Every structure is written in C-alpha cells, then in structure tokens.
Amino acid sequence: MKILYFDCFNALSENLMLSAFIDMGASVLGLKKMLEEISGGEDFEIISEKITDGIFATKAYIKCADDKDISQDEALKKSQSIKNDTARCCVVSAVKKLSDIKLSQFFTICACIFAYLNENPDLCVSSKVTCGKKCGYDVLNIMRRENVPYKISDSENELAYKCGVALVSSLSSKYGMNPLTDIIKTGYGTDGENYFRIVLGSGGKSADYFEMSLEFSEDKILDFAYGECK
C-alpha cells in the first residue's frame, strides 16, 4: 500500500508544500504546463531553487504578473476548467475552506494537488500541524472546523498558513504518527527559514494504520524531523 505522509513538524504553507513536492521530483515544467491550461491567459512563472544551508531542500513559489485578490466564487469558477475530475474536486474542496485568496495562492493550491495526484498514493496521512504563538484566527478556524489536530510551539512566528492547512485537510484521510514501514522518497520544502517534509512510502492496509503508528518511537520521529532519514 503506497502512503503519502505530510510531516508538519516545523511549518505549513502552500509554498512549503509546493517546494517539498518539487524537491521530491515533481516537474516544474510539467506543473507549469498543467497550470497554463487553467490560467485563462494570466502571466505567471514557477520559481524554484535548491537550498543547501542546513537541511537540503527546495524553495519554490509561483509569481504572477498581476497577483490580484480573487474571491472564493472566482476561484471556484476557475476550478471548473480543470479537466481531471479528481483534481477538480480536490481543488474545490480546498478553495471552499477559504474566503478569499491571491491568484498566486490559487495556482499554488492547484499545483500541489496536481503533484499529489501524480504520486497516486493509496492513502494520505498527516502529522499534527505545528503552529506558532501568532497563529491567525482564520487558520485556527479551519483546523477546528475540519478536525485537524495541531500543537502550538514556542515560536513567536506564525508558522501555519490558511492555504497550507486547507490543502492538508482536503488531501489527508488520517492524522497521526508516521505509518510508513518502507520509504520510497522524501521531499523537503523551505522558505529559507522554516521547513516542511513529504514522505512517500509503503505500509500495510489502511485498517492497520493505527497499529503501525504505535511502532514508531519518539526517537524515530525526531530522526525524521531533523532529516536523519532523508
């Protein structure tokens, strides 16, 4: 059984997720081509670079020539141009959790979902979302409404952002400790300061998930969090 695991050990945003997917092997050119099909002629580019300071990771984001605010209704309307039914449903699910977003954020949500579906996991699991002391009300509201488990760290920074939380809550079927018994590949995303990790691996049947998660000790989780198992 192929499982994709979102490791929100440090921070969570749509840019960190996109960065981690690209670090794990998602094609920038492939994502750009898929986004062009739904862009409606909007001028944009995907910026990506490798970061080797600390954890080896990728820093990526989408830059729009006119990064305008769009309403939820506008974003939902744009979502209808996505040809793949599963991708369209996932994007709609994420967008419905947001009142308004930037155009670049909408494109980033779409790119993350395209990259996720390209991995074709049987199950998606997420850890608790780590939030800073300045976690915004809109982020907390989404997590509470969608039953996303979270923990508040000692950091004075925000760390968790609404689009990232909307993505995790739309894609994850379960929450808990890392259930993977064999790792296929990993991807680390960074914004230059914070990190987010995606792990793709294999595990048992979904019904065995909670039993498997108990086998992972705190030491093992810390190894994963600090990059020992990349």
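The values are calculated or read from the model by the stated rules, or taken from the named source; none is laboratory data. Note that this is a predicted model, so its numbers are computed, not measured. Using ideal geometry, Cβ is built from the backbone for each residue, glycine included, and neighbour counts are taken over all protein chains shown. Remember, those area values only see protein heavy atoms, side chains included, never the ligands or the DNA or RNA. Shrake-Rupley method; radii C 1.70, N 1.55, O 1.52, S 1.80 Å.
Let's see how each residue does on (1) more than 15 Å from Phe9 (Cβ to Cβ); (2) of a type in the set (D, E, K, R); (3) without any contact (Cβ under 8 Å) to a residue 40 or more places away in the chain:
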| residue | (1), (2), (3) |
| --- | --- |
| Asp100 | yes, yes, yes |
| Ser104 | yes, no, no |
| Phe107 | yes, no, no |
| Phe114 | yes, no, no |
| Asn118 | yes, no, no |
| Lys128 | no, yes, no |
| Cys131 | no, no, yes |
| Ser153 | no, no, yes |
| Cys163 | yes, no, no |
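Please find, within the stretch 1-20, the residue that is farthest from Phe106 (Cα to Cα) out of those that are open to solvent by less than 10 Å² (accessible area, probe 1.4 Å) and part of a helix (DSSP H, G or I).
Ala20
Pick out the one residue from Val139, Val92 that is open to solvent by less than 80 Å² (accessible area, probe 1.4 Å) and touching a Phe, Trp or Tyr at 6+ places or on another chain (Cβ under 7 Å).
On the way: Val92 fails: touching a Phe, Trp or Tyr at 6+ places or on another chain (Cβ under 7 Å).
Exactly one of Val139, Val92 is open to solvent by less than 80 Å² (accessible area, probe 1.4 Å) and touching a Phe, Trp or Tyr at 6+ places or on another chain (Cβ under 7 Å), namely Val139.
For Thr86, state whether it is modelled with pLDDT of 95 or more, part of a helix (DSSP H, G or I) and under 19 Å from the mean Cα position of the chain (by Cα). Steps first, please.
Values: modelled with pLDDT of 95 or more: yes; part of a helix (DSSP H, G or I): yes; under 19 Å from the mean Cα position of the chain (by Cα): yes.
Judged against the criteria, Thr86 is a match.
Read through the list (1) of a type outside the set (Asp, Glu); (2) within 23 Å of Ile51 (Cβ to Cβ); (3) at pLDDT 95 or above, then give the number of the only condition that Phe224 fails.
(3) is the only condition that Phe224 fails.
Among the residues of the stretch 31-64, which ones are open to solvent by less than 30 Å² (accessible area, probe 1.4 Å) and either closer than 15 Å to Thr108 by Cβ or more than 18 Å from the chain's Cα centre (by Cα) (or both)?
First pass over the stretch 31-64, keeping only residues open to solvent by less than 30 Å² (accessible area, probe 1.4 Å): 31, 35, 38-39, 44, 46, 57-58, 60, 62, 64.
Those that are open to solvent by less than 30 Å² (accessible area, probe 1.4 Å) and either closer than 15 Å to Thr108 by Cβ or more than 18 Å from the chain's Cα centre (by Cα) (or both): Leu31, Leu35, Ile38, Ser39, Phe44, Ile46, Thr58, Ala60, Ile62, Cys64.
Filter the stretch 147-202 down to the residues that are open to solvent by 10 Å² or more (accessible area, probe 1.4 Å) and aromatic (Phe, Trp, Tyr) and list them by number.
If the condition is that a residue be open to solvent by 10 Å² or more (accessible area, probe 1.4 Å) and aromatic (Phe, Trp, Tyr), then Tyr150, Tyr161, Tyr175, Tyr195 are the ones that fit.
So which residues in the stretch 140-164 are in contact with an Asp or Glu (Cβ under 8 Å, 6 or more places away or on another chain), of a type outside the set (Gly, Ala, Ser) and not in a loop (DSSP other than H, G, I, E, B), if there are any at all?
Lys162, Cys163
Which residues, taken from the stretch 55-86, are within 25 Å of Ile198 (Cα to Cα), free of Cβ contacts under 8 Å to residues at least 40 places away in the same chain and not hydroxyl-bearing (Ser, Thr, Tyr)?
Asn84, Asp85
Looking only at the stretch 203-220, filter to residues that are outside any loop (DSSP other than H, G, I, E, B), open to solvent by 50 Å² or more (accessible area, probe 1.4 Å) and farther than 14 Å from Pro121 by Cβ; which one of those is modelled with the highest pLDDT? Break it down stepwise before answering.
Step one: filter the stretch 203-220 for residues outside any loop (DSSP other than H, G, I, E, B), giving 206-213, 218-220.
Still in the list and also open to solvent by 50 Å² or more (accessible area, probe 1.4 Å): 206-208, 210-211, 218-220.
Right, trim to farther than 14 Å from Pro121 by Cβ and you get 207-208, 210-211, 218-220.
On the way: Ala207: 44, Asp208: 47, Phe210: 42, Glu211: 38, Glu218: 37, Asp219: 38, Lys220: 36.
Among those residues, the one meeting the criterion is Asp208.
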